[in-house]
Each structure stands twice: as structure tokens, then as C-alpha cells.
Amino acid sequence: MISALSSYDAVLAVMMLPVALGTIVSVVSSVSATLGLGVGGIPALGVLGYALFIDPPAEFG
């Protein structure tokens, strides 16, 4: 049974998308894997920064 998803589940999914897109672009084009993954990692770092500093995890209880 799937429990309710939190915003941090969405953050994990969104962090993966730019890196996967950079990988796909580097495979199907002449862009090097280093450049594709590096450029894809920049938005992923932005999402990580948002999750850690803008909307940090809160302790309930």
C-alpha cells in the first residue's frame, strides 16, 4: 500500500530529471558525457539547495 507522498518525494524525483536529461542528451548527440552530466547537475543542485535551505525538513512532535 502506498502512503501519502510528501514534498520531499517530489524533490527526489525532480532532482533526478535534469541529470537523466543530461545523460540522454550526451548519448544521442555529440556532447560529451562530462558536459552533459555537469550541466544536468546544476539544476539538480538548485533543487537540493531549495530542499535544504528554503524548505528544510521539520521535526514533528
Residues of the stretch 6-16 being assigned to a helix (DSSP H, G or I) and either without any contact (Cβ under 8 Å) to a residue 24 or more places away in the chain or surrounded by 14 or more Cβ atoms within 10 Å (Cβ to Cβ) (or both), which ones?
D9, A10, V11, L12, A13, V14, M15
Count of the stretch 35-61 residues which are surrounded by 10 or more Cβ atoms within 10 Å (Cβ to Cβ) and either in a helix (DSSP H, G or I) or modelled with pLDDT of 90 or more (or both):
18
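The values are calculated or read from the model by the stated rules, or taken from the named source; none is laboratory data. Every value quoted in this text rests on a predicted model; they were computed, and no experiment measured them. With ideal geometry, Cβ positions are generated from the backbone for all residues, glycine too; neighbour counts draw on all protein chains shown.
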